[in-house]
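Chemist: My questions all concern the structure below.
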Amino acid sequence: MGWIAGGLCADVPPGTVVPICVDGVDLAVWCSQKGTFSAWGDRCPHRGMRLSHGFVRGETLSCIYHGWQYDEAGSCAYIPAHPALTPPKTICAKSYLCSAKDGVIWVSLTETTKEPPDIGNRKPVRSLPFDCSPGDLGRLLKTNLHPVIVVGGSSDLALAVQPVSDRTCMVHALAAEGHDPKAVSRQLEDMRRAFEEQAA
Ligand code: FES
């Protein structure tokens, strides 16, 4: 499937972790104190606690359950119950490609050598969940759900669609400089209302 927008950078500031879902895969997306974004399977290798419930400590993500800390590569770096132990390299969170570009957090569940998509000269405005399937959204937008879809006659509004499940999508809206964010936000809400009515 390649790169998918998994959120807006502004919604995951340094030192935070959030849960997202991409095409049915639960991920923990986190931003280190230095501002590096990572996307991992939302499951601690120890006992399976959700890593998105954890805490960012500097350049590591710490699980909330037993405090195991994972570095940016996903390798376990510290086990509080055994502070003198160097954790085996085999203890590793499942990591996915993740790249922040133009204010968008891009995630790829599969290996790719391509760069994340170009969103044109636009800025992120907001994200909104749509209560319709990715397929319905594609049909209503008359597109095959490219990573970024340009809508509207002016071509100033772009939508980065994040398939979540077979019933829901997250839509990340990006608009050209100078657009009123409130107007773009209302446009997105109107679009959602219309799409959900058509998809019902
Ligand atoms: S379940 Fe994560 S540290 Fe134990």
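Chemist: So, with a 1.4 angstrom probe, what is the percent of accessible area on the chain that is carbon and sulfur?
Modeler: 51
Chemist: In cubic angstrom, how much convex hull volume per residue do the alpha carbon atoms of the chain span? All intermediate terms of the calculation are to be shown ahead of the outcome.
Modeler: On the way: hull volume 24.3 nm³, N = 200.
Enclosed volume per residue, from the Cα hull, is 121 Å³.
Chemist: With every protein chain present, what is the per residue accessible area of the range 1-151 (1.4 Å probe, Å²)?
Modeler: The answer is 51 Å² per residue.
Chemist: What dipole magnitude, in Debye to the nearest 20, does the chain give about its Cα centre under +1 on Lys/Arg Cβ and -1 on Asp/Glu Cβ?
Modeler: Using only the charged Cβ atoms, the result is roughly 360 debye.
Chemist: Rounded to the nearest 0.05, what FRET efficiency is calculated for residue 200 and residue 18 with R0 set to 25 Å and r the Cβ-Cβ distance?
Modeler: After rounding to 0.05, the efficiency reads 0.30.
Chemist: To continue, here is another question. Taking 0.36 nm per residue of sequence separation and subtracting the Cα-Cα distance, how much length would be gained by fully extending the chain between residue 165 and residue 81, in nm to one decimal?
Modeler: Full extension from residue 165 to residue 81 adds 26.4 nm.
Chemist: A follow-up question, please. Determine the sum of side-chain charges near residue 65: Lys and Arg each +1, Asp and Glu each -1, restricted to other residues whose C-beta is under 10 angstrom from that of residue 65.
Modeler: Once all neighbours under 10 Å are counted, the net charge is +2.
Chemist: Got a sec? Charge dipole of the chain, +1 on Cβ for Lys and Arg, -1 for Asp and Glu; which of 143, 188, 78 is way out at the positive end?
Modeler: 78
Chemist: Report, in debye and to the nearest 20, how large the dipole of the range 67-147 comes out about its Cα centre when Lys and Arg carry +1 and Asp and Glu carry -1 on their Cβ.
Modeler: On the way: 9 positive and 8 negative charges, 42 e Å.
So the dipole magnitude of the range 67-147 works out to roughly 200 debye.
Chemist: May I ask you to evaluate 6.51 cos²θ - 1.76 cosθ + 1.60, the Karplus curve with θ = phi - 60°, for each residue of the range 189-196 and list the ³J(HN,Hα) values in order in whole Hz, giving x for glycine and proline?
Modeler: Residue by residue, the range 189-196 yields 5, 4, 4, 4, 4, 5, 5, 5 Hz.
Chemist: Could I ask something else about it? If you rank 110, 16 by how much accessible surface each has, with a 1.4 Å probe, what is the order from largest down? Mind showing how you got there, number by number?
Modeler: Details: 110 70, 16 45 Å².
Sorted by accessible area, descending: 110, 16.
The values are calculated or read from the model by the stated rules, or taken from the named source; none is laboratory data. Predicted, not measured: the structure shown is a model, and the values here were computed from it. Neighbour counts run over all protein chains shown; Cβ positions are idealised from the backbone, glycine included. Note: accessible area is taken over every heavy atom of the protein model, side chains too, but ligands, DNA and RNA are not part of it. Shrake-Rupley method; radii C 1.70, N 1.55, O 1.52, S 1.80 Å.
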